[in-house]
Amino acid sequence: MTVKTMSKNNDDHDDDKLSHDEKIDENNSNAMNGLVRKRRPGIIELGDVTPHNIKLLRRLNQVIFPVSYNAKFYKDVLESGPLAKLAYYNDIMVGAVCCRVDTSEPNTRRLYIMTLGCLASYRRLGIGTKMVEHILDYVSQKDSNFDSIFLHVQINNEDAIEFYQKFGFEIIETRKNYYKRIEPPDAHVLSKNLKK
Ligand SMILES: CC(C)(COP(=O)(O)OP(=O)(O)OC[C@H]1O[C@@H](n2cnc3c(N)ncnc32)[C@H](O)[C@@H]1OP(=O)(O)O)[C@@H](O)C(=O)NCCC(=O)NCCS
């Protein structure tokens, strides 16, 4: 069976949204059927978010996350440069990370990870690591003027908690009823201090 892919090299083609969506679902279910084998060596690369592939990012996030993000989110992502990246596994778009600068606390500049995820069938292949390492490189080499990096995770999301703890993130707070439409509604705040 031919497996269509969402190649990073043809993201400016004129495919309509439905066919892109079908490709995401198809890639995901083919992988579920065993075509992607755990630990099979694959090439993991990051690419830019552009007006040509922003609909695919939206579709990816719809598949990966239980909450949906509005048009402003995607408008801001398009303007966030290296703070947003798509992840490709052997040229197939399988994940994404989207961050923004947060200055909501006085005299504090933090990097907020809004979303970071990859399709379920492509997990434990190092794709999340590639995305976190990109963000850690950014705050150590490109813009070192951050106090910390932080994010919210649903309290039952043990996979993500273990994943982030591996990179030195710690639970610093638990916010009751942080999420409006999902159960459980509580979120941990995970944070990695960047100041010595
Ligand atoms: C969290 C997430 C991004 C991890 O991505 P991933 O590509 O599977 O992560 P990696 O393969 O790079 O894993 C790196 C390490 O993290 C830890 N880890 C990752 N997933 C784990 C899990 N399910 N259970 C325990 N440890 C885990 C392991 O130490 C792993 O190393 P190993 O595979 O050598 O044991 C992924 O599970 C995901 O997309 N979840 C849904 C979205 C989400 O919840 N995002 C977090 C909120 S923004």
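Derivation of every value follows stated rules applied to the coordinates shown; laboratory data play no part. What you see is a predicted model; the values in this text were computed from it and never measured. Cβ atoms come from the backbone with ideal geometry, glycine included; neighbour counts cover every protein chain shown.
Values for this structure:
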{"quantity": "Criterion: buried (at least 16 other Cβ atoms within 10 Å of the Cβ) and within 12 Å of the ligand (Cβ to nearest atom) - qualifying residue of LEU83, LEU111, LEU119", "calculated": "LEU119"}
{"quantity": "Failed item, numbered, when ARG124 is tested on (1) within 7 Å of the ligand (Cβ to nearest atom); (2) more than 19 Å from ASN157 (Cβ to Cβ); (3) among the charged types (D, E, K, R)", "calculated": "(2)"}
{"quantity": "Residue tally, condition among the β-branched types (Val, Ile, Thr), closer than 22 Å to LYS75 by Cα and in contact (Cβ under 8 Å) with a residue 24 or more places away in the chain, over segment 102-120", "calculated": "2"}
{"quantity": "Pairs where the first residue, in segment 121-133, is under 11 Å from VAL94 (Cα atoms) and the second is near the ligand (Cβ under 6 Å from one of its atoms) and in a helix (DSSP H, G or I), C-beta under 7 Å, 6+ apart", "calculated": "GLY128/PHE163"}
{"quantity": "Of all residues making up segment 135-154, the number that are more than 12 Å from the ligand (Cβ to nearest atom) and either outside any strand (DSSP E or B) or under 15 Å from CYS98 (Cβ atoms) (or both)", "calculated": "12"}
{"quantity": "Complete set of residues in segment 155-183 that are free of Cβ contacts under 8 Å to residues at least 24 places away in the same chain, among the acidic types (Asp, Glu) and not in a loop (DSSP other than H, G, I, E, B)", "calculated": "GLU158, GLU162, GLU170, GLU173"}
{"quantity": "Residue check, LYS72 among the basic types (Lys, Arg), assigned to a helix (DSSP H, G or I) and within 16 Å of the ligand (Cβ to nearest atom)", "calculated": "no"}
{"quantity": "Hits in segment 155-172 - residues which are closer than 13 Å to LYS192 by Cα and away from the ligand (no atom under 11 Å from the Cβ)", "calculated": "GLY168, GLU170, ILE171, ILE172"}
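Residues checked against (1) under 18 Å from LEU190 (Cα atoms); (2) acidic (Asp, Glu):
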residue: ARG100; (1), (2): yes, no
residue: THR108; (1), (2): yes, no
residue: TYR112; (1), (2): yes, no
residue: CYS118; (1), (2): no, no
residue: THR129; (1), (2): yes, no
residue: ASP143; (1), (2): no, yes
residue: HIS152; (1), (2): yes, no
residue: GLU162; (1), (2): yes, yes
